[in-house]
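Let me begin by presenting the structure, written as structure tokens, before commenting on it.
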Amino acid sequence: AGGAQSFGWASGDGAARYPEFVYAPDGATAEGHALLFAGLLRDAAWLGARSAMRATEAEEVTRSLALLELHDARRDCAGLRYWLARSTAGDERAEQLKESYLSSHAEATGFRYDSATHLLDAERSARSATRLRARLFAASSREHLRARHGRRWYASRAAGDELIDVWNTASRYTVEELARLAWGGELSFDLLADELLAVTGEGV
């Protein structure tokens, strides 16, 4: 929904003159808007109000989804480490790359990986940085909207108007630029971690 909204509200004039205004090489901005709305599924109050779930059931679902998101974020961190290692390695380090892939992914996710899949994961690893930046933007954007419009920001017309203003710029700005323009801040790993750990019950 967030991805569709960001395209739907994009400035028609800007898109007509500059196709890259919408379809930028850096996909983190559009993906960040999508993840902003996907994060609602980790909000027990939002989920409970839109389903027949009891509060305890909604909390269990949101906890499971937060664990999945935490896994995916950690896997992207491992993928980025692996991609950086691949980018600087020569053929002579192929075996070392397999070991790097196995150790980094197992350490990050807690699951066992097979060295035979390291090349299959190469494309995913190449996009790890984009997905991580999108996740950081979504977490920071959610925090900004909560602070400005309350915990039920998704029901606020003012929040909707603010998002439309942002969506109007399509992919003109990177997520880092949008963070500085929209709320004068930087993207933070701590904010994403705190949000997910709070939902899983592991936060302090």
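Worth pointing out:
- Within the set GLU123, GLU95, GLU99, GLU195, the sole residue that is open to solvent by 70 Å² or more (accessible area, probe 1.4 Å), within 20 Å of GLU69 (Cα to Cα) and not aromatic (Phe, Trp, Tyr) turns out to be GLU123.
- From LEU35, LEU70, residue being within 18 Å of LEU145 (Cα to Cα), open to solvent by less than 50 Å² (accessible area, probe 1.4 Å) and part of a helix (DSSP H, G or I): LEU35
- Taking the listed residues TRP46, TRP83, the one that is open to solvent by 80 Å² or more (accessible area, probe 1.4 Å), assigned to a helix (DSSP H, G or I) and of a type in the set (Phe, Trp, Tyr) is TRP83, with no other qualifying.
- Cross-chain or 6+ apart pairs with Cβ under 8 Å, segment 14-27 first and open to solvent by 40 Å² or more (accessible area, probe 1.4 Å) and assigned to a helix (DSSP H, G or I), then modelled with pLDDT of 80 or more and hydroxyl-bearing (Ser, Thr, Tyr): GLU20/SER171
- Those helices (runs of 4 or more DSSP H) of segment 98-204 in which 1 or more residues are under 26 Å from ARG50 (Cβ atoms) occupy 128-149, 157-167, 189-200.
- For segment 168-204, a residue qualifies if it is β-branched (Val, Ile, Thr) and at pLDDT below 90, and the qualifying residues are THR169, VAL199, THR200, VAL204.
- Of the residues in segment 149-156, at least one is of a type in the set (Lys, Arg) and either crowded, with 21+ Cβ neighbours inside 10 Å or touching a Phe, Trp or Tyr at 6+ places or on another chain (Cβ under 9 Å) (or both).
- Answer residue from segment 49-67, given it is polar (S, T, N, Q) and not in a loop (DSSP other than H, G, I, E, B) and is surrounded by the fewest Cβ atoms within 10 Å (Cβ to Cβ) among those: THR56
- Checking GLY110 against (1) more than 24 Å from ASP26 (Cα to Cα); (2) open to solvent by less than 60 Å² (accessible area, probe 1.4 Å), the condition it does not meet: (2)
The values are calculated or read from the model by the stated rules, or taken from the named source; none is laboratory data. What you are looking at is a predicted structure, and each value in this text was computed from that prediction instead of being measured. Reconstructed Cβ throughout: ideal geometry from the backbone, glycine too, with neighbour counts over all protein chains shown. Protein only, heavy atoms only, side chains kept; ligands, DNA and RNA dropped before computing areas. Shrake-Rupley method; radii C 1.70, N 1.55, O 1.52, S 1.80 Å.
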